[in-house]
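J.: Pasting a structure below so you can have a look.
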């Protein structure tokens with residue numbers, strides 16, 4: 001399966017195919033320098049596999065949201081500069097959402113733009129973060145407060161690499177696919193509701209990417225309908241920050257989706273789907289403990305939140321609400 005996404009200034013391919021990691025040499029020119037950017041949670045066998053295909057430098061940082069920082073970014077930029085990487089050279093983002101965010105942001109800013117090949121190795125990166133051209137860093141406990149829009153050169157989704165992904169991180173990204181089902185596609189939602197997602201994992205990933213692609217092409221800079229992709233994220237990002245990123249992104253979004261729903265029938269269905277993804281209940285903080293994080297979220301404009309609601313599975317509405325109105329909806333207190 002190959003999709004073509006029409007980005008801001010160019011189009012790029014999203015290749016969804018088992019074994020597609022072996023296609024990387026097709027996108028590298030003979031004299032280009034290459035830097036593989038990855039973290040220490042990515043199995044070395046994938047680094048070795050790429051190094052058998054092409055000549056490349058390797059930049060490895062500590063796994064986790066804490067590394068999505070200006071400090072790690074600076075180390076990568078300094079490494080690229082020391083090795084005399086030019087705008088004609090290539091970065092390969094090999095890993096999950098943190099690797100993708102850090103690499104794409106670095107690619108967008110190093111010498112005003114260097115090619116980035118996205119090779120997601122987690123469900124989170126495959127289903128969501130590697131597609132759409134968004135990149136971000138965290139700062140002072142605030143999630144994604146620094147960022148840019150920048151298209152990758154190509155996205156290579158090799159479902160085979162999920163074989164080495166641990167269960168917790170396997171589920172983590174599927175919460176984002178479930179979100180996409182909630183706002184855009186009931187078939188996708190039902191794979192989770194009926195607990196048939198594992199045997200249909202390639203279909204789940206393809207559907208999630210397809211619907212994100214459609215939304216991004218209509219609203220690249222997130223001025224309108226792309227905001228729908230933030231369903232569950234207003235409260236989810238606040239929870240991530242509150243728990244100092246010890247809560248996985250997908251888990252936080254899952255709790256955020258539940259808290260964002262009013263309709264009992266939909267809420268009950270979502271609870272079944274989340275149980276099938278083995279989401280455990282947690283004690284939620286009081287609203288006032290989250291308020292500061294919510295106020296600094298990028299979805300807040302002129303003290304109003306672009307809040308995404310789902311009143312029917314497969315569709316959504318976006319409304320501007322106040323912080324106090326959000327408090328009434330999620331009823332954390």
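The values are calculated or read from the model by the stated rules, or taken from the named source; none is laboratory data. Just so we're clear, the structure is a prediction, and the values are computed from it rather than from any experiment. Note that we place each Cβ from the backbone using ideal geometry, even for glycine, and neighbour counts take in every protein chain shown.
J.: Only one of 175, 192 is within 15 Å of residue 125 (Cβ to Cβ) and assigned to a helix (DSSP H, G or I); which?
T.: 175
J.: For residue 194, are the conditions met, namely being exposed (fewer than 15 other Cβ atoms within 10 Å of the Cβ) and out of contact with any helix residue (DSSP H, G or I) (no Cβ under 9 Å at 6 or more places or on another chain)?
T.: no
J.: Quickly run through region 130-143 and pick out the residues that are touching a helix residue (DSSP H, G or I) at 6+ places or on another chain (Cβ under 7 Å) and either in the same structural domain as residue 240 (by TED's automatic domain parsing) or in a strand (DSSP E or B) (or both).
T.: 135, 136, 137, 138, 139, 142, 143
J.: Quick check on residue 4: is it in a strand (DSSP E or B) and surrounded by fewer than 16 Cβ atoms within 10 Å (Cβ to Cβ)?
T.: Answer is yes for this residue.
J.: State the number of residues belonging to region 146-172 that are within 11 Å of residue 122 (Cα to Cα), buried (at least 17 other Cβ atoms within 10 Å of the Cβ) and more than 15 Å from the chain's Cα centre (by Cα).
T.: Total meeting the criteria: 5.
J.: Is it fair to say residue 266 is at negative phi and at pLDDT below 90?
T.: No.
J.: Out of (1) modelled with pLDDT under 95; (2) in a helix (DSSP H, G or I); (3) over 27 Å from residue 11 (Cα atoms), what's the single condition that is false for residue 199?
T.: Condition not satisfied by residue 199: (2).
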